[in-house]
Amino acid sequence: MPPGRSSGTDVAPAALVDSHVHFHPRFEIDAFFDAASRNLDRAERELGLASETQSDGAATPPPARVLLLMETARLSLIEQLESDATGAWRIVELPEPGTAIVGRERHQPVVVVEGRQVVTAEGLELLAAPCAADLPAGAALTETIAAALRLGSTPILPWGVGKWWGARGRRIAALLESPDARRVLLGDNGGRLAIGWTPRLLTLGAQRGVAVLRGSDPLPMAAECDRVGSFGSLLMGPFDHRQPATALRQMLPTAVGNPRAFGRGAGPLQFLTRQLRAQIAKRLRGRRRR
């Protein structure tokens, strides 16, 4: 493993998973993993998962810390880590494609596992995890789900502001009410308003036994780097640090309902501020393309 605190074993009994992470161009690698480490420390305390001593004197291993990195660009974070010889966080690439362990002195190692994010023909976002290969963009939802499953990935439909209404919402509802519902998971978003409202389709999915995973989904603005690892789910293991993609392929499809969660959504002011910043960033990107 890279530098960092060691649990003394490669196999953890569970994993703290932020299931929707992006590394945007404005992020700095050390700041990104510092934020993840800080937020996952808080998650351990929130869930009461501090290491305990068993009756035989051995310490209970802490949960693994996992970032599911939803890649949308050709240059992956793992490739950037490989080329960064000066950062405080150091990488050990693992045999499985698209996986790595990243560590720093006096910090718990963080496991990075690549996934993919695409937009379907219906305008819906779909995540696939773990997934180190490209998925076809612009295909129908059912075709994209089938393509992810053929790659051994779990398809995740993430909630987004305004993206589950109207015809798109009806399309997801139809999927959740069909036998194919067991082939997908749903994704909750750390940017969602924390009080007073849960999207109807997240509730419907949970009622149908479809697992709802949490993810921070940081926006492409420098301040959003602090959100990485702040919103996620506790998945029960075993989780082998040496084969994290294999572990997730076993853990994700068996998740049902609402796994134990950590973190909370946005307050009213934070929600409105994030949406305003997102719209400004979107318009600026559009101007640059002209």
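Values computed for the structure shown
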{"quantity": "Residue count, the range 234-255 (criterion: in a strand (DSSP E or B) and surrounded by fewer than 24 Cβ atoms within 10 Å (Cβ to Cβ))", "calculated": "5"}
{"quantity": "Subset tally (residues that are crowded, with 21+ Cβ neighbours inside 10 Å and at pLDDT below 95) for the range 142-160", "calculated": "1"}
{"quantity": "Flag if L186 is in contact with a Phe, Trp or Tyr (Cβ under 8 Å, 6 or more places away or on another chain) and among the aliphatic types (A, V, I, L, M)", "calculated": "yes"}
{"quantity": "Matching residues, the range 100-114, being buried (at least 16 other Cβ atoms within 10 Å of the Cβ) and either part of a loop (DSSP other than H, G, I, E, B) or touching an Asp or Glu at 6+ places or on another chain (Cβ under 7 Å) (or both)", "calculated": "A100, R104, H107, Q108, P109, E114"}
{"quantity": "Test for L49: is it buried (at least 16 other Cβ atoms within 10 Å of the Cβ) and at pLDDT 95 or above", "calculated": "no"}
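The values are calculated or read from the model by the stated rules, or taken from the named source; none is laboratory data. What you see is a predicted model, and the numbers here were worked out from it, not measured in a lab. Reconstructed Cβ throughout: ideal geometry from the backbone, glycine too, with neighbour counts over all protein chains shown.
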